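Chemist: If you scroll down you'll find the structure; I have some questions about it.
The values are calculated or read from the model by the stated rules, or taken from the named source; none is laboratory data. Worth saying up front: this structure is predicted, and the values here are computed from it rather than measured. Neighbour counts run over all protein chains shown; Cβ positions are idealised from the backbone, glycine included. Side chains included, ligands, DNA and RNA excluded: accessible areas come from the protein's heavy atoms. Shrake-Rupley method; radii C 1.70, N 1.55, O 1.52, S 1.80 Å.
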Amino acid sequence: MAEPHTGSAMGREIAEIPTAAERLLANTDVVAAIAARIERANPRIVVFCGRGSSGHVGIYLRYLFEARLGILASAAAPSVVTAYRRPPEMRDALFVVISQSGRSPDLVNATQVARKHGALTLAIVNDADSPAAKASELVLPIAAGAEHSVAATKTVLLSMIAGAQLVAALGRDDDLGGGLRQVPKRLSRSLECDWSAWADSAARAAAAFVVGRGFGLGCVREIALKVAEILRVPTIGHSAAELRHGPRASISPSTPVLLLRQNDEAAIAIDDLVKDLNEANETVFVAGGPAGTLPWIGDGHPVFDPVVMLVPAYRAIEVIARRRGFDPDHPPYLSKVTRTL
């Protein structure tokens, strides 16, 4: 990319991700203590609570808790508590609130109610002194440092990595731990992958799609959100399976599709969809795999490759936003602390 990393706060914060991830992964004592407390509680279900990018972290962690630990996971609906005022029974549940600021009133309220009704509560937050952290019994700080861009990047990846670190500790999962140790180096290498051709195509479109499956779904939803809020193009993040249940009909050559492929059991669904889309002459961009069209660093651990793919996607969105005269640090109608109830 011709533009330097330092063109905006968002660009600088993306460039800080590899170092921040390395620092986070060195903080093993806190993770071990939290894992020990969760093991004593022996939860039957994990409930993730987050909005926007934090909600996408929850989707990623849901796959990890279910696929690597065999613990049923679900997403919280804060409005059940804040609007309808009908709190569910939460005994034997682990309630995980994920929030960069830790200050969204609905998330804080939902956490307080979950704890009152019997859940073991855990906050994955950047600010360990935030209201969400204070409402929780356990706190896993991601220690990302200040994030000045309203559009979160660094805190999103670190929240995913922190959650994966916890899953590895809970499962005594050496395979996952080994993959985690490679993440900072792969994040650093991924900064050089130029996906601006995809972002430029999405920015010129009336609508766009991002597609993945399994461990990639949360990241797919996250990229779609960033395109919508920063490039101001309506963008939908779909599972490759969901896409075949109707939404495929709305894809045309004028609606570019980005597909993320990690090398695991979900890859065949991506490969088949890429083949079908190419045969229909759709506008397709693929990250990973033999049909990849975007620069990539080769297959790594499949749990973490979609997370690493966020970096070139974020970089491309930031570059194209500035090229089109948009401010990537301050998308319209968005604030760092979203106060919803």
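Chemist: If only one of 104, 53 is crowded, with 22+ Cβ neighbours inside 10 Å, touching a residue at least 60 places away in the same chain (Cβ under 8 Å) and more than 30 Å from residue 323 (Cα to Cα), which one is it?
Modeler: 104
Chemist: Any residue in segment 296-311 that is open to solvent by less than 10 Å² (accessible area, probe 1.4 Å) sitting within a Cβ distance under 6 Å of a residue that is among the aromatic types (Phe, Trp, Tyr) and part of a loop (DSSP other than H, G, I, E, B)? List the pairs, counting only those 6 or more apart or interchain.
Modeler: Qualifying pairs under 6 Å: none.
Chemist: Return a yes/no flag: does segment 256-266 have any residue that is farther than 13 Å from residue 216 by Cα and in a helix (DSSP H, G or I).
Modeler: no
Listed here are the residues, each with its yes/no results for (1) out of contact with any Ser or Thr (no Cβ under 9 Å at 6 or more places or on another chain); (2) more than 28 Å from residue 17 (Cα to Cα); (3) part of a helix (DSSP H, G or I).
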| position | (1), (2), (3) |
| --- | --- |
| 164 | yes, no, yes |
| 170 | yes, no, yes |
| 189 | yes, no, yes |
| 194 | yes, no, no |
| 248 | yes, yes, yes |
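Chemist: Test residue 322 against the criterion of being open to solvent by 30 Å² or more (accessible area, probe 1.4 Å), at pLDDT 95 or above, touching an Asp or Glu at 6+ places or on another chain (Cβ under 8 Å) and of a type outside the set (S, T, N, Q), and give yes or no.
Modeler: The answer is yes for residue 322.
Chemist: Related question: Looking only at helices (runs of 4 or more DSSP H) that fall completely inside segment 1-106, which ones have 3 or more residues that are under 22 Å from the mean Cα position of the chain (by Cα) and farther than 22 Å from residue 182 by Cβ?
Modeler: The qualifying helices (runs of 4 or more DSSP H) are 9-15, 52-69.
Chemist: Looking at 59, 45, which one is touching a Leu at 6+ places or on another chain (Cβ under 7 Å), at pLDDT 95 or above and surrounded by fewer than 20 Cβ atoms within 10 Å (Cβ to Cβ)?
Modeler: None of the others qualify; the one that does is 45.
Chemist: Would you mind finding the one in 242, 282 that is open to solvent by less than 60 Å² (accessible area, probe 1.4 Å), free of Cβ contacts under 8 Å to residues at least 60 places away in the same chain and either closer than 20 Å to residue 196 by Cβ or not β-branched (Val, Ile, Thr) (or both)?
Modeler: Selected residue: 282, the only one of 242, 282 that is open to solvent by less than 60 Å² (accessible area, probe 1.4 Å), free of Cβ contacts under 8 Å to residues at least 60 places away in the same chain and either closer than 20 Å to residue 196 by Cβ or not β-branched (Val, Ile, Thr) (or both).
Chemist: Moving to a separate point now. Among the acidic types (Asp, Glu) and open to solvent by less than 70 Å² (accessible area, probe 1.4 Å) - does that describe any residue in segment 22-35?
Modeler: The answer is no, given that none of the residues of segment 22-35 is among the acidic types (Asp, Glu) and open to solvent by less than 70 Å² (accessible area, probe 1.4 Å).
Chemist: Failed condition for residue 146, given (1) open to solvent by 10 Å² or more (accessible area, probe 1.4 Å); (2) assigned to a loop (DSSP other than H, G, I, E, B); (3) in contact with a Phe, Trp or Tyr (Cβ under 9 Å, 6 or more places away or on another chain); (4) not basic (Lys, Arg), with all others met?
Modeler: Of the numbered conditions (1) open to solvent by 10 Å² or more (accessible area, probe 1.4 Å); (2) assigned to a loop (DSSP other than H, G, I, E, B); (3) in contact with a Phe, Trp or Tyr (Cβ under 9 Å, 6 or more places away or on another chain); (4) not basic (Lys, Arg), the odd one out for residue 146 is (3).
Chemist: Of the residues 290, 306, which is more than 23 Å from the chain's Cα centre (by Cα), under 19 Å from residue 264 (Cα atoms) and not small (Gly, Ala, Ser)?
Modeler: Details: 306 fails: more than 23 Å from the chain's Cα centre (by Cα).
Sole residue among the options that is more than 23 Å from the chain's Cα centre (by Cα), under 19 Å from residue 264 (Cα atoms) and not small (Gly, Ala, Ser): 290.
Chemist: Can you tell me which of 138, 187, 158 is in contact (Cβ under 8 Å) with a residue 12 or more places away in the chain and either farther than 15 Å from residue 314 by Cα or surrounded by fewer than 20 Cβ atoms within 10 Å (Cβ to Cβ) (or both)?
Modeler: On the way: 187 fails: either farther than 15 Å from residue 314 by Cα or surrounded by fewer than 20 Cβ atoms within 10 Å (Cβ to Cβ) (or both); 158 fails: either farther than 15 Å from residue 314 by Cα or surrounded by fewer than 20 Cβ atoms within 10 Å (Cβ to Cβ) (or both).
Sole residue among the options that is in contact (Cβ under 8 Å) with a residue 12 or more places away in the chain and either farther than 15 Å from residue 314 by Cα or surrounded by fewer than 20 Cβ atoms within 10 Å (Cβ to Cβ) (or both): 138.
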